[in-house]
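For reference, the structure discussed in these notes is given below.
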Amino acid sequence: MNTILAIVGVLNLLFVTLSVQAADNMKAYSPAGAGMVRHVLHLPKQADEYAFKVELIVGKTVQVDGVNTYFFAGRIEEKIIEGWGFPRYDVSKLGPMAGTLMAVEPDAPKVNRFVAIGGEPFLIRYNSQLPVVVYAPEGVEVRYRIWSAAPKMLPIDKG
């Protein structure tokens, strides 16, 4: 019984310590400025965090035709917070939207679709010790995807 109480006490202490540490890490991140929103992602701990990446996806849900492919102009910039060394990610603006020009029936219904910033995926290091903090304009959505590497490494043939 004493052993169980000791384990519960240690777990509570660990939980409180991690909560305080996470709150302390947020001190580095200033509140969002006028017209901006601060988005915060806390990642769960992984056994091998080097096998994971986080893809940040910034965009907006808009009404478009269901045929063409669309994207927004814009970019995500990584900045290092002075005095802390923590990364933060800034999106200064989104737009304009562009897309392919395939012909669409004039009476074709519009559909709601998430349209993201175009270009290559924006991948960052997986780190459960720090929050992922993204500052984006109001009305902009910030989404994410977790990428993972296969555990097996394969050789490349010589030649």
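What distance in nm lies between label points placed 7 Å from Cα along the C-beta direction at S30 and A150?
Taking the simple label geometry, S30 and A150 are separated by 4.6 nm.
With r defined as the distance between the Cβ atoms of T100 and E77 and R0 fixed at 35 Å, what FRET efficiency is calculated, to the nearest 0.05?
Numbers: r = 27 Å, r/R0 = 0.77.
Given R0 = 35 Å and the Cβ-Cβ separation, E is 0.85.
Of the residues A116, A32, A108, which exhibits the maximal mean-square fluctuation in a Gaussian network model of the chain defined by a 10 Å Cα contact cut-off?
Ranking A116, A32, A108 by mean-square fluctuation puts A108 first.
Please check: in the Gaussian network model of the chain (C-alpha springs, under 10 Å), which one of P121, P137, P87 has the largest mean-square fluctuation.
Highest fluctuation among the options: P121.
Nearest 10 degrees, 0 to 90: what angle lies between the long axis of helix 2-26 and the longest principal axis of the chain (Cα atoms)?
Here the helix axis deviates by roughly 40 degrees.
Once the mean 1/r over all distinct Cα pairs of the chain is inverted, what Kirkwood radius in angstroms do you read off? Don't jump to the answer; show the numbers that get you there.
Details: mean 1/r = 0.0523 Å⁻¹.
Result for the chain, one decimal place: 19.1 Å.
Expressed as a whole number of Å, what is the distance separating the alpha-carbon centroids of region 106-153 and region 46-85?
4
Pick from P109, P31, P96 the residue whose mean-square fluctuation is largest in a GNM of the chain, springs joining Cα atoms under 10 Å.
Result for the chain, Cα springs under 10 Å: P109 fluctuates most.
Tell me which of S148, L41, A116 sits at the most positive position along the dipole axis of region 30-148, charges placed on C-beta atoms (Lys, Arg +1; Asp, Glu -1).
L41
Would you compute, from DSSP H runs of 4+ residues alone, the mean residue ellipticity of the chain at 222 nm, taking -39500 (n - 2.57) per run and dividing by the full residue count, rounded to the nearest 500?
The helix contribution divided over the chain gives -5500 deg cm²/dmol.
Under the rule that an exposed site lies in a DSSP loop and has at most 11 other Cβ atoms within 10 Å, name the longest stretch of the chain with no trypsin sites (Lys or Arg not before Pro) of that kind, not counting the sites themselves.
Details: sites that count: K27, K45, K110, K152, K158.
Maximal segment without exposed cleavage sites: 46-109.
From a point 7 Å beyond the Cα of V111 in the direction of its Cβ, which residues of region 54-96 have a backbone N at a distance under 16 Å?
61-71
What relative contact order, as a whole-number percentage, does region 30-148 give when Cα pairs under 8 Å and 6 or more residues apart are counted?
47
Net charge near V91: determine it from the other residues with C-beta under 9 Å of the C-beta of V91, scoring Lys and Arg +1 and Asp and Glu -1. Write out the running numbers ahead of the final one.
Working: positive: R75, K93; negative: E77, D90.
Within the 9 Å Cβ shell, the charges total 0.
Coordinate-derived values only; no laboratory data. The structure presented is a predicted model; accordingly, all values stated were derived computationally and were not measured. Note: ideal-geometry Cβ built from the backbone for every residue, glycine included; neighbour counts use all protein chains shown.
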